[in-house]
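Laboratory data are not the source of any read-out in this text; all were calculated from the coordinates shown. It should be emphasised that the depicted structure is a prediction, and the values quoted were computed from it without experimental measurement. Here the Cβ is made from the backbone with ideal geometry for all residues, glycine too, and neighbour counts use every protein chain on show.
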Amino acid sequence: MPILLAFTLFALLDFVILFSIGAKIGLLATLALILATGFIGLYLVRREGVATFQRAQERLAQGEIPSDELMTGAALIFGGALLMAPGFVSDALGFLCLLPTSRRALGKLLSRLPFKIQGHSMSSHYQRGAKGWDQPSDKRTESFENQNTDKDPNSASPLEGDFISKDEPRR
């Protein structure tokens, strides 16, 4: 419910500002500004998107996971969507998502927030490693080990996610 309320208030604020500016400068000038921000935004999304895609391909070729590039791509998609919406507040936030320096600042701000996934905090299950939030904490590992103590380690059934080739004989 609070997220729906926040989106509703954001849209309402955006339209109020759009209509008040439209009343001051006129309909044609307002439409020209909205179209100009849309075209500039599309240009920036395309330019930044191509550069991000190239960096992701380079990291994949080196055998690394392009996590930063994936987050950048998500920010570009979100920023592009905001620029397509009519309104000056959404355009300002969209440009913040497209510009590299402000995108990094927003990423640092978001990385400090404790996100919750399925009722668990990300920071309680993972520790910040050298390459990001990729190392499970001891608490998480211990709870996983305790869950699997009742299973027979010599059981022949594969675990979820295991791959069994058709060429291999089943045990």
Starting from the Cα-Cα distance between LEU9 and LEU96, subtract it from 0.36 nm times their residue separation and give me the gain in nm to one decimal.
29.3 nm
Karplus 3J(HN,Hα) series, Hz, for the range 69-80 with 6.51 cos²θ - 1.76 cosθ + 1.60 (x for Gly, Pro)
5, 5, 5, 5, x, 5, 5, 5, 5, 5, x, x
Here, ARG104 and GLN54, labelled 7 Å along Cα→Cβ, have an inter-label distance in nm of 1.8
Surrounding net charge for PHE39, when Lys and Arg each add one and Asp and Glu each subtract one, Cβ distance under 14 Å
+1
Name the shape class, rounded, prolate or oblate, that the alpha-carbon gyration tensor gives for the range 28-121, where a ≥ b ≥ c are the square roots of its eigenvalues, rounded holds for a/c under 1.5, and otherwise prolate holds if a/b is larger than b/c and oblate otherwise.
oblate
Quick one: P(r) of the range 1-42 from all Cα-Cα pairs, 10 Å bins, percents rounded to integers, in order of increasing distance.
27, 38, 28, 7
Okay, which of the range 11-50 sit inside 20 Å, backbone N to the point 7 Å along the Cα-Cβ direction of MET84?
11-12, 14-15, 31-50
Give me the one-decimal nm value for the distance between modelled label points at ALA32 and ALA74, 7 Å along each residue's Cα-to-Cβ direction.
4.0
